[in-house]
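Chemist: Before I ask anything, let me first share the structure, which is written out below as C-alpha coordinates.
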Amino acid sequence: VLPINYSRLFQSYQYLPITLLAVSGIVIFIRPPLALRQAQGKLHGVALRKFIGVLLICLIILYGAIAYVVTIIPTLAPHGLSYYNVFVPKSLLAAFERLDTVPGERVILSGEYTSHMIPAFTRHRALIGRDDSVLDYYPLQDKAFAFLDGRMTEPEALDFVQEQKINFVIFGVDTKPLSELPTNNYRFLSPLFTDGSVTIVKTDLLFKLR
(Lines give C-alpha, C1' and ligand atoms only; values in the text may rest on other atoms or scores of the structure.)
Protein backbone atom coordinates (compact mmCIF):
# COMPACT_ATOMS: atom_id res chain seq x y z
CA VAL A 1 0.00 0.00 0.00
CA LEU A 2 1.44 3.35 -1.01
CA PRO A 3 1.60 6.08 1.68
CA ILE A 4 -1.04 8.79 1.44
CA ASN A 5 -0.57 12.48 2.16
CA TYR A 6 -4.00 13.91 2.95
CA SER A 7 -2.85 17.49 2.35
CA ARG A 8 -2.62 16.81 -1.40
CA LEU A 9 -5.55 17.01 -3.81
CA PHE A 10 -3.86 14.28 -5.88
CA GLN A 11 -1.26 11.85 -4.59
CA SER A 12 2.16 12.07 -6.23
CA TYR A 13 1.91 8.56 -7.67
CA GLN A 14 -1.26 9.61 -9.56
CA TYR A 15 0.41 12.35 -11.59
CA LEU A 16 2.20 9.98 -13.99
CA PRO A 17 -0.94 8.15 -15.25
CA ILE A 18 -2.86 11.44 -15.32
CA THR A 19 -0.08 13.01 -17.43
CA LEU A 20 -0.03 10.05 -19.83
CA LEU A 21 -3.79 10.26 -20.20
CA ALA A 22 -3.60 13.99 -20.90
CA VAL A 23 -0.91 13.51 -23.54
CA SER A 24 -3.01 10.83 -25.22
CA GLY A 25 -5.95 13.21 -25.27
CA ILE A 26 -3.84 15.96 -26.80
CA VAL A 27 -2.63 13.63 -29.55
CA ILE A 28 -6.15 12.49 -30.32
CA PHE A 29 -7.59 15.99 -30.52
CA ILE A 30 -4.65 17.54 -32.38
CA ARG A 31 -4.82 14.94 -35.13
CA PRO A 32 -8.15 15.41 -36.88
CA PRO A 33 -9.62 12.58 -38.96
CA LEU A 34 -8.11 12.06 -42.43
CA ALA A 35 -11.27 13.06 -44.28
CA LEU A 36 -11.60 16.29 -42.28
CA ARG A 37 -7.92 17.13 -42.83
CA GLN A 38 -8.29 16.68 -46.61
CA ALA A 39 -11.41 18.83 -46.72
CA GLN A 40 -10.10 21.71 -44.69
CA GLY A 41 -6.80 22.01 -46.44
CA LYS A 42 -3.29 21.86 -45.18
CA LEU A 43 -2.95 25.41 -43.81
CA HIS A 44 -6.28 25.44 -42.08
CA GLY A 45 -5.56 22.05 -40.52
CA VAL A 46 -2.21 23.18 -39.12
CA ALA A 47 -3.76 26.31 -37.61
CA LEU A 48 -6.59 24.30 -36.11
CA ARG A 49 -4.20 21.76 -34.59
CA LYS A 50 -2.07 24.52 -33.05
CA PHE A 51 -5.12 26.27 -31.62
CA ILE A 52 -6.51 23.07 -30.11
CA GLY A 53 -3.06 22.12 -28.77
CA VAL A 54 -2.51 25.50 -27.08
CA LEU A 55 -6.03 25.43 -25.66
CA LEU A 56 -5.58 21.96 -24.17
CA ILE A 57 -2.17 22.79 -22.72
CA CYS A 58 -3.61 25.91 -21.06
CA LEU A 59 -6.48 23.89 -19.63
CA ILE A 60 -4.10 21.25 -18.27
CA ILE A 61 -1.85 23.90 -16.70
CA LEU A 62 -4.80 25.68 -15.09
CA TYR A 63 -6.30 22.41 -13.87
CA GLY A 64 -2.98 21.18 -12.49
CA ALA A 65 -2.30 24.53 -10.84
CA ILE A 66 -5.16 23.88 -8.42
CA ALA A 67 -3.45 20.79 -7.04
CA TYR A 68 -0.06 22.49 -6.89
CA VAL A 69 -1.37 25.61 -5.16
CA VAL A 70 -3.35 23.58 -2.61
CA THR A 71 -0.21 21.55 -1.88
CA ILE A 72 2.28 24.43 -1.75
CA ILE A 73 0.29 26.94 0.35
CA PRO A 74 0.59 24.97 3.65
CA THR A 75 4.37 24.69 3.19
CA LEU A 76 4.72 28.47 2.80
CA ALA A 77 3.17 29.21 6.18
CA PRO A 78 5.63 30.48 8.85
CA HIS A 79 6.03 27.23 10.76
CA GLY A 80 8.57 28.81 13.11
CA LEU A 81 5.85 30.99 14.67
CA SER A 82 3.91 28.66 16.93
CA TYR A 83 1.67 29.92 19.70
CA TYR A 84 0.31 27.69 22.44
CA ASN A 85 -2.05 28.42 25.30
CA VAL A 86 -0.60 26.56 28.26
CA PHE A 87 -1.79 26.71 31.86
CA VAL A 88 1.23 26.85 34.15
CA PRO A 89 0.55 26.92 37.92
CA LYS A 90 2.29 29.69 39.84
CA SER A 91 3.98 27.07 41.99
CA LEU A 92 5.52 25.51 38.88
CA LEU A 93 6.72 28.90 37.63
CA ALA A 94 8.35 29.45 41.00
CA ALA A 95 9.98 26.02 40.69
CA PHE A 96 11.34 26.93 37.26
CA GLU A 97 12.74 30.19 38.65
CA ARG A 98 14.49 28.25 41.41
CA LEU A 99 15.98 25.78 38.91
CA ASP A 100 17.14 28.59 36.67
CA THR A 101 19.39 29.85 39.47
CA VAL A 102 21.34 26.57 39.40
CA PRO A 103 24.52 27.13 37.36
CA GLY A 104 25.44 24.92 34.44
CA GLU A 105 23.18 22.64 32.46
CA ARG A 106 21.60 19.81 34.45
CA VAL A 107 19.32 16.86 33.73
CA ILE A 108 15.80 17.11 35.17
CA LEU A 109 13.26 14.32 35.44
CA SER A 110 9.55 15.11 35.58
CA GLY A 111 6.28 14.17 33.93
CA GLU A 112 6.02 14.62 30.17
CA TYR A 113 3.91 17.81 30.23
CA THR A 114 6.30 19.52 32.61
CA SER A 115 9.26 18.20 30.63
CA HIS A 116 7.98 20.01 27.54
CA MET A 117 8.25 23.32 29.41
CA ILE A 118 11.63 22.81 31.10
CA PRO A 119 13.77 23.91 28.09
CA ALA A 120 11.56 26.99 27.61
CA PHE A 121 11.66 28.20 31.23
CA THR A 122 15.09 27.01 32.39
CA ARG A 123 18.59 26.44 31.07
CA HIS A 124 18.45 22.73 31.83
CA ARG A 125 17.62 19.51 29.96
CA ALA A 126 14.54 17.36 30.33
CA LEU A 127 15.12 13.61 30.39
CA ILE A 128 11.84 12.69 28.69
CA GLY A 129 9.23 14.51 26.64
CA ARG A 130 10.13 13.87 22.97
CA ASP A 131 10.17 10.42 21.43
CA ASP A 132 12.71 11.52 18.81
CA SER A 133 15.23 12.88 21.31
CA VAL A 134 16.89 9.61 22.29
CA LEU A 135 17.26 6.09 20.95
CA ASP A 136 14.78 3.58 22.43
CA TYR A 137 12.67 6.33 23.98
CA TYR A 138 9.76 4.23 25.18
CA PRO A 139 11.79 1.85 27.39
CA LEU A 140 13.30 5.00 28.95
CA GLN A 141 9.82 6.45 29.38
CA ASP A 142 8.65 3.28 31.15
CA LYS A 143 11.57 3.47 33.59
CA ALA A 144 10.96 7.17 34.20
CA PHE A 145 7.28 6.58 34.99
CA ALA A 146 8.18 3.67 37.27
CA PHE A 147 10.55 5.98 39.15
CA LEU A 148 8.04 8.84 39.35
CA ASP A 149 5.26 6.50 40.52
CA GLY A 150 7.42 4.95 43.24
CA ARG A 151 7.43 1.49 41.69
CA MET A 152 11.21 1.05 41.89
CA THR A 153 13.16 -0.38 44.77
CA GLU A 154 15.92 1.76 46.21
CA PRO A 155 18.71 -0.07 44.30
CA GLU A 156 16.69 0.17 41.06
CA ALA A 157 15.96 3.86 41.61
CA LEU A 158 19.60 4.61 42.45
CA ASP A 159 20.83 2.72 39.38
CA PHE A 160 18.36 4.62 37.19
CA VAL A 161 19.53 7.99 38.54
CA GLN A 162 23.18 7.08 38.06
CA GLU A 163 22.62 5.66 34.58
CA GLN A 164 20.72 8.72 33.32
CA LYS A 165 22.81 11.23 35.33
CA ILE A 166 19.69 12.84 36.80
CA ASN A 167 20.35 15.94 38.90
CA PHE A 168 16.85 17.06 39.87
CA VAL A 169 13.33 15.62 39.93
CA ILE A 170 10.07 17.59 39.91
CA PHE A 171 7.10 15.98 41.65
CA GLY A 172 3.48 17.02 42.00
CA VAL A 173 2.43 18.64 38.72
CA ASP A 174 1.70 15.78 36.32
CA THR A 175 3.05 13.12 38.69
CA LYS A 176 2.26 11.90 42.18
CA PRO A 177 3.22 14.29 45.00
CA LEU A 178 6.40 13.34 46.80
CA SER A 179 4.43 12.73 49.99
CA GLU A 180 2.61 9.80 48.36
CA LEU A 181 5.77 7.95 47.40
CA PRO A 182 7.52 5.29 49.49
CA THR A 183 10.22 7.46 51.07
CA ASN A 184 12.35 4.45 52.00
CA ASN A 185 12.97 3.88 48.30
CA TYR A 186 14.13 7.45 47.72
CA ARG A 187 16.43 8.18 50.64
CA PHE A 188 19.10 9.53 48.29
CA LEU A 189 16.83 12.47 47.32
CA SER A 190 17.05 15.78 49.18
CA PRO A 191 14.31 18.47 49.04
CA LEU A 192 15.39 21.65 47.30
CA PHE A 193 12.14 23.56 46.79
CA THR A 194 8.52 23.16 47.87
CA ASP A 195 5.48 25.23 46.96
CA GLY A 196 2.15 23.58 47.58
CA SER A 197 2.17 20.17 45.94
CA VAL A 198 5.14 21.02 43.72
CA THR A 199 8.45 19.72 45.02
CA ILE A 200 11.93 19.76 43.55
CA VAL A 201 14.39 17.25 44.92
CA LYS A 202 18.06 16.94 44.14
CA THR A 203 20.01 13.74 43.96
CA ASP A 204 23.06 13.13 46.09
CA LEU A 205 24.88 12.51 42.84
CA LEU A 206 25.01 15.92 41.21
CA PHE A 207 26.34 14.99 37.79
CA LYS A 208 27.41 17.79 35.51
CA LEU A 209 27.01 17.57 31.76
CA ARG A 210 30.29 17.71 29.91
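The values are calculated or read from the model by the stated rules, or taken from the named source; none is laboratory data. Because the structure is a prediction, the values reported are computed rather than measured. All Cβ positions, glycine included, derive from the backbone under ideal geometry; neighbour counts span all protein chains shown. Just the protein is used for accessible areas: all its heavy atoms, side chains included, with ligands, DNA and RNA removed. Shrake-Rupley method; radii C 1.70, N 1.55, O 1.52, S 1.80 Å.
Chemist: Given the Cα-Cα distance of GLU156 and SER24 and 0.36 nm per residue of separation, how much length would full extension add, in nm?
Modeler: Between GLU156 and SER24, full extension yields 40.5 nm more.
Chemist: Let me ask something else. By accessible area of protein heavy atoms, probe 1.4 Å, what ranking do LYS90, LYS165, LYS50, LYS202 get, highest first?
Modeler: So, going from the largest accessible area down, we get LYS90, LYS50, LYS165, LYS202.
Chemist: So what does ASP159 come to for accessible area, using a 1.4 Å probe and Å² rounded to 10?
Modeler: Using a 1.4 Å probe on the heavy atoms, I get roughly 90 Å².
Chemist: Sticking with this one: What is the spin-label model distance, in nm, from ILE61 to ASP131 if the labels are put 7 Å beyond Cα along the C-beta direction?
Modeler: 4.5
Chemist: Follow-up. Short version: ³J(HN,Hα) in whole Hz for each residue of region 185-196, in order, from phi by Karplus 6.51 cos²θ - 1.76 cosθ + 1.60 (θ = phi - 60°), x for Gly and Pro, what are they?
Modeler: Using θ = phi - 60°, the values come out as 8, 10, 5, 8, 9, 10, x, 10, 7, 9, 8, x Hz.
Chemist: Quick one: if the Förster radius is 25 Å, what FRET efficiency do ASP149 and THR101 give, using the C-beta to C-beta distance and rounding to 0.05?
Modeler: It comes out at approximately 0.30.
Chemist: Please give me the summed charge of the neighbours of ARG130: other residues whose Cβ is under 15 Å from its Cβ, Lys and Arg +1, Asp and Glu -1.
Modeler: Every neighbour counted, the sum reads -3.
Chemist: What is the set of long-range amide H partners of ILE128 at a cut-off below 5 Å, with H atoms built 1.01 Å from backbone N?
Modeler: The answer is SER110.
Chemist: How big is the accessible area of GLU180 in square angstrom, nearest 10, if you roll a 1.4 angstrom probe over the protein chains?
Modeler: 120
Chemist: While we're looking at this one, here's another question. Among THR153, THR75, what's the order by accessible area (1.4 angstrom probe), most exposed first?
Modeler: Sorted descending by solvent-accessible area, the residues read THR75, THR153.
Chemist: Decide, for region 82-155, between rounded, prolate and oblate: order the square roots of the alpha carbon gyration tensor eigenvalues as a ≥ b ≥ c, take rounded if a/c falls under 1.5, and otherwise choose prolate if a/b is larger than b/c, else oblate.
Modeler: Taking the square roots of the gyration eigenvalues as a ≥ b ≥ c, region 82-155 is prolate.
Chemist: Can you sort THR194, THR203 by 1.4 Å-probe accessible area, starting with the largest?
Modeler: Heavy-atom accessible area, descending, gives THR194, THR203.
Chemist: Okay, next question. Give me the accessible area of LEU158, 1.4 Å probe, in Å² rounded to the nearest 10.
Modeler: 60
Chemist: For labels at ASP142 and VAL88 in the simple 7 Å Cα→Cβ model, what's the distance in nm?
Modeler: About 3.3 nm separates the two model spin labels.
Chemist: A follow-up question, please. With a ≥ b ≥ c the root eigenvalues of the C-alpha gyration tensor of region 85-210, is it rounded (a/c under 1.5), prolate (a/b larger than b/c) or oblate?
Modeler: In terms of gyration-tensor shape, rounded.
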